[in-house]
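Please find one structure pasted underneath; my questions will follow.
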Amino acid sequence: MSGTADAGGRPLVIAVDGPAAAGKGTLARRLARHLGLAHLDTGRLYRAVALKLIAAGGGAADEATAARAAAGLVAEDLEDPRLREEEVGQLASRVAAMPGVRAALLAFQRRFAAAPPGGARGAVLDGRDIGTAVCPDAAFKFFVTASLEARAGRRLKELAEGGASADRGAVLADMAKRDRRDEARAHAPLKPAEDAIVLDTTELDADAVFARVLALVEGRGGAGPRRPRGA
Ligand code: DC
């Protein structure tokens, strides 16, 4: 298998899951570009719902407004620069625990995977539950993780590069809080799929992670990548 649509003509789907700042977004973008696939950062969907909730004056408990926002989401909503703000990320983690929101966003994500935009022959989706819930039949599933300290260090570097100053202790605490919320929720919690390949990137840079994953996708990986279904 070398990254083409399968024999039944279904799009090639690659799932990349993991906690915040583990490197999954960078990996997913590079994979998509290299393999000519569409890319969906699914965290942006939850962030876009959070942003709409803020705009509507809704609070963290306003599930009806959040679910309506999720059902009405369009691609342009994912381009708002405010999506990266910390406040939006924290609220995103709360709306992500709402079953009505998850159900509406599931449909959006599955449409994207089944009919990738731009006529692409497949898609890379990154998030928390792609391999477990959104695309359980994905040809490849990767779970990208790293120690809390390493992830907080990367987030601090990102913030510094963007000209923002941040306190290390506060970033660590916020990240730990969000991890706990993502892992503990009842619906589609953050965890590796049973057949995911787990990559700990604590000691790896982005180039090394990309090279390793590409080798697995292109069948050069040596021991044990899972076989694509139907292969
Ligand atoms: O990856 P991120 O920080 O942009 O994600 C924002 C929040 O959305 C995160 O706290 C968890 C949630 N999320 C989710 O529950 N499922 C996904 N597939 C993607 C993100």
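Let me spell it out: the conditions are (1) away from the ligand (no atom under 13 Å from the Cβ); (2) under 16 Å from the mean Cα position of the chain (by Cα), and Asp126 meets all of them except one. Which number is the exception?
(1) is the only condition that Asp126 fails.
Could you tell me how many of the residues in the stretch 47-70 are farther than 24 Å from Ala176 by Cα and loosely packed, with under 15 Cβ neighbours inside 10 Å?
4
For (1) modelled with pLDDT under 95; (2) surrounded by fewer than 23 Cβ atoms within 10 Å (Cβ to Cβ); (3) more than 10 Å from the ligand (Cβ to nearest atom), each residue gets a yes or a no:
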position: Ser93; (1), (2), (3): yes, no, no
position: Ala97; (1), (2), (3): yes, yes, no
position: Arg110; (1), (2), (3): no, yes, yes
position: Ala113; (1), (2), (3): no, no, yes
position: Gly118; (1), (2), (3): yes, yes, yes
position: Asp137; (1), (2), (3): no, yes, yes
position: Gly153; (1), (2), (3): yes, yes, yes
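Now, a different point. Quickly run through the stretch 40-66 and pick out the residues that are within 23 Å of Asp17 (Cβ to Cβ) and small (Gly, Ala, Ser).
Within the stretch 40-66, Gly43, Ala48, Ala50, Ala66 qualify.
Let me ask another. What are the pairs, 6+ residues apart or on separate chains, where a residue within the stretch 20-32 that is touching a residue at least 12 places away in the same chain (Cβ under 8 Å) and of a type outside the set (A, V, I, L, M, F, W, C) has its Cβ under 8 Å from a residue that is in a helix (DSSP H, G or I) and within 9 Å of the ligand (Cβ to nearest atom)?
So the pair list comes out as Gly25/Gly43.
Give the stretch 196-214 a look and list any residue that's modelled with pLDDT of 95 or more and in a helix (DSSP H, G or I), or say none.
Once the filter is applied, which keeps residues that are modelled with pLDDT of 95 or more and in a helix (DSSP H, G or I), the stretch 196-214 yields Asp207, Ala208, Val209, Phe210, Ala211, Arg212, Val213, Leu214.
Another question, then. List the residue pairs whose Cβ atoms are under 8 Å apart, where the first residue sits in the stretch 111-130 and is on the phi < 0 side of the Ramachandran plot and aliphatic (A, V, I, L, M), the second is part of a loop (DSSP other than H, G, I, E, B) and within 8 Å of the ligand (Cβ to nearest atom), and the two are 6 or more positions apart or on different chains.
From the stretch 111-130, the pairs are Leu125/Thr42; Ile130/Thr42.
Tell me which residues, restricted to the stretch 170-200, are buried (at least 19 other Cβ atoms within 10 Å of the Cβ), in contact (Cβ under 8 Å) with a residue 60 or more places away in the chain and of a type outside the set (D, E, K, R).
Of everything in the stretch 170-200, those that are buried (at least 19 other Cβ atoms within 10 Å of the Cβ), in contact (Cβ under 8 Å) with a residue 60 or more places away in the chain and of a type outside the set (D, E, K, R) turn out to be Met175, Ala188, Leu190, Ala193, Ala196.
While we're looking at this one, here's another question. Which number in (1) out of contact with any Cys (no Cβ under 7 Å at 6 or more places or on another chain); (2) away from the ligand (no atom under 13 Å from the Cβ); (3) under 18 Å from Leu125 (Cβ atoms); (4) at pLDDT 95 or above marks the one condition that Val74 misses?
(4)
Here's a follow-up. Which of the residues that make up the stretch 120-134 are surrounded by fewer than 23 Cβ atoms within 10 Å (Cβ to Cβ) and either part of a helix (DSSP H, G or I) or not small (Gly, Ala, Ser) (or both)? Can you show your working first?
In the first step, residues of the stretch 120-134 are kept if they are surrounded by fewer than 23 Cβ atoms within 10 Å (Cβ to Cβ); the result is 120-122, 132-133.
Result: Arg121, Thr132, Ala133.
Of all residues being crowded, with 24+ Cβ neighbours inside 10 Å and not charged (D, E, K, R) in the stretch 24-41, which is farthest from the ligand (Cβ to nearest atom)? Just the residue, please. So that I can check it myself, show each step before the final result.
Kept after step one, since they are crowded, with 24+ Cβ neighbours inside 10 Å, are these residues of the stretch 24-41: 24, 27-28, 40.
Next cut, not charged (D, E, K, R) only: 27-28, 40.
Details: Leu27: 13, Ala28: 11, Leu40: 9 Å.
Per the stated criteria, the residue is Leu27.
Criterion first (among the charged types (D, E, K, R) and more than 15 Å from the ligand (Cβ to nearest atom)) does Arg68 satisfy it?
yes
The values are calculated or read from the model by the stated rules, or taken from the named source; none is laboratory data. Quick caveat: nothing in here was measured; it's all calculated off a predicted structure. A quick note on method: Cβ atoms are made from the backbone with ideal geometry, for glycine too, and the neighbour counts reach across all protein chains shown.
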